[in-house]
1. What are the equivalent ellipsoid semi-axes of region A:3-47, built from the alpha-carbon gyration tensor (square roots of five times its eigenvalues), in whole angstrom, biggest first?
2. Counting helices only, and only those DSSP H runs with n ≥ 4, report the 222 nm mean residue ellipticity of chain B as the sum of -39,500 (n - 2.57) divided by its residues, in deg cm²/dmol to the nearest 500.
3. Would you mind giving the three semi-axes, in whole Å and largest first, of the ellipsoid equivalent to the protein assembly as shown according to its Cα gyration tensor?
4. If I build a Gaussian network model for chain B, linking alpha-carbon pairs within less than 10 angstrom, which residue out of B:53, B:14, B:133 has the largest mean-square fluctuation?
5. I'd like the FRET efficiency for residue A:222 and residue A:327, computed as 1/(1 + (r/R0)^6) with the beta carbon distance as r and R0 of 45 Å, rounded to 0.05.
6. If we count other beta carbons within 10 Å of each Cβ, what is the order of B:186, B:96, B:250, fewest first?
7. Of all the Cα-Cα pairs you can form in region B:227-349, what percent are over 19 Å apart?
8. In µm²/s, what is D for chain A at 10 °C and 1.306 mPa s, where D = kT/(6 pi eta Rh) by Stokes-Einstein and Rh is the Kirkwood radius from Cα pairs?
There are 2 protein chains.
Amino acid sequence: MAKIQKVAELAGVSTATVSRALAGKPSVSPTTRARVEKAAKELGYVVSASASSLASGRTRNIGVVTPLLDTWFYMKVLSGAQHALLDAGYDLTLYHLDANLGMDLPAQANPRRRRLFEEFLRRKRVDALIAVSLELDAAELDSMRGLGKPVVCVGGPLPGVPTLSIDDHAIARLATDHLLSLGHRHIAHIAGDPDFELDFHLPATRRAGYEEALAESGVEADPLLVRSADFTIAGGYDATLQLLGDPRVHPTAIFAASDEMAIGAILAARDLGKEVPGDLSVVGIDGHDLADFFALTTVDQFPEVQGRRAVERVLHELDGDSSEPANEELPYELVVRKSTAAPRAPREG
Amino acid sequence: MAKIQKVAELAGVSTATVSRALAGKPSVSPTTRARVEKAAKELGYVVSASASSLASGRTRNIGVVTPLLDTWFYMKVLSGAQHALLDAGYDLTLYHLDANLGMDLPAQANPRRRRLFEEFLRRKRVDALIAVSLELDAAELDSMRGLGKPVVCVGGPLPGVPTLSIDDHAIARLATDHLLSLGHRHIAHIAGDPDFELDFHLPATRRAGYEEALAESGVEADPLLVRSADFTIAGGYDATLQLLGDPRVHPTAIFAASDEMAIGAILAARDLGKEVPGDLSVVGIDGHDLADFFALTTVDQFPEVQGRRAVERVLHELDGDSSEPANEELPYELVVRKSTAAPRAPREG
DNA sequence: AGCCCCAATGTAAACGCTTGCACCGCTCGG
DNA sequence: CCGAGCGGTGCAAGCGTTTACATTGGGGCT
């Protein structure tokens, strides 16, 4: 016999009332509700998720898809999302595409990704999806819409999908303008590796912001001052070695597209006997946990907030309040620490 | 009408056969199976997870509980577990206790933790649990056993629960012996913060291994050579500053209980103008992604493998093959890089 | 040729809830 | 004084599978 039945008997009501009382529905008298809750507690009764889902069509479970997992940024986003979901009484099912494999291939060719869309999402396992830094193609979007499940993207914008995006262009400008306002004129840029475009052409966007900032300050962009790296400390280190070793250029500052690369830059500078910020200013993007330790000036993009906001958004969609603006801007903030300062050499025009 | 019905009709069989065919049961003729699969594909049919769970009692979903999320180690374990589960066709539901809050209180006092056991696990949401670095108390264990769901712990041992544990004592000995064998006699230890005992008294165990190794080599342990830190780079940095600044001791090597602390030690040494490994050897534990970059000698504990192994184990339990040894040892390996070398000063007796 | 057995399939009873609809007093306005 | 309206409940029909058990049709044996 369905266990809810026992509770109903103990409380002297029908199963319907038990269901309603435990679900917090309004149409139950306070007295009855109390009686039901007492009975449930007494019997150690907890609603069966599968039965409930089957009957109601809702799972109280939302899926989060990320390209990678063992990365500071995605971790943070995930962490933020998990918190928010927990507080809302939802479970979080994790799905990650190990983007390292086959992200260069067309989406359909990544087996994990195929599976995500062909099985995972259709199984009624989740009520909605949060896709982090994922560019869904048309077929995938149709697939989602066909299921009638809300999708929220973090890191868009993606046509037709509610998206939380951060203004990468503006962030890059902010970082670059910070250096310019300190008086720097020879500003190098360690860009994200364009082959590594998980996100929405993020490397290109940030680079564009950098170049725009330069242009607007009347500084000519020198291609020799731009290097690509893979978003890691090691990558930033190498790129900086190249930059500082090249006799044709003499950067007084580096704007790295991620904090890890910026930290690599600081370490490289030190190894070359240069002082930061005396000989070289460094600014990054992220708000990485290590930024404080390395006294790194950075543009914090609050990844945990991104996760939390995505959850709020998706829950709204589930409530049917989908009449909101399709896109939301995520917050960011310049955090000035000791890795940036005015250039030591006299400024030049 | 149940969707499976449509498939049944299209394939000209009963729903029972469709169910069996799609579940890969053996008692279906190849011909029929093919017909069913074709029909299913044609209709875009996918089994409803909730209906399936309700009917079968299985969810094909397993829960992973970690104390923290935004930490390199748990990330890696999680990543390994997710991979393995995906390959086995299982979903992974994430639950993390934000151990920062209330981990010092008795288990029952942590609200998240209460909730985990009182709701999450009883809801028939998961078939089994993997608990990472979590010390369950008696009530919690009973709770799990009462539900008849397998639990596997990573980082035990825990009485009565299959556990994958790493021999922290041996790891610490290995690291320390490595330094001893290079000729070091003044070996400092940066221990994990004992107030931060998420895992099973890991800091104490590692410290014990360190002391035992010293003792066995006839080196007297000096309490002044042991400092505690919080497992972070910053923590390791500070501890090293203390260690190297203390006029009463002159360590030629440091064994840090985590790679991050070891990296902090390397950075601190550099800042004090000491060379690594010339003036100071440093060894860590973890196999951190950054170890290679910092040329850090470490004992790799393969966290991703830990995640994977936990999954394998739990799936075995689900298959009923619970006749295995209760505890398994996890692999570890000394990886020698350039942060350790013989002490520069002549050895003393 | 007759029988037994097994493989392959069908039948139908769960699985444990949710929820539309019906129903029952009551209060309240007319 | 009566009917409408409404808060609070109960009834029972699903929700979409899985699976124990029954059934069927051959093939191999004696």
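Throughout, read-outs are computed from the coordinates displayed, never taken from laboratory work. What you are looking at is a predicted structure, and each value in this text was computed from that prediction instead of being measured. Heads up, the Cβs are rebuilt from the backbone with ideal geometry, glycines too, and the neighbour counts pull from every protein chain shown.
1. Working through the eigenvalues yields semi-axes of 14, 10, 9 Å.
2. Mean residue ellipticity, 222 nm, calculated: -13000 deg cm²/dmol.
3. Here the semi-axes work out to 47, 34, 23 Å.
4. B:14
5. With a Förster radius of 45 Å, E is 0.85.
6. Neighbour counts put them in this order, fewest first: B:250, B:186, B:96.
7. In whole percent, the long-distance tail amounts to 54.
8. 70 µm²/s
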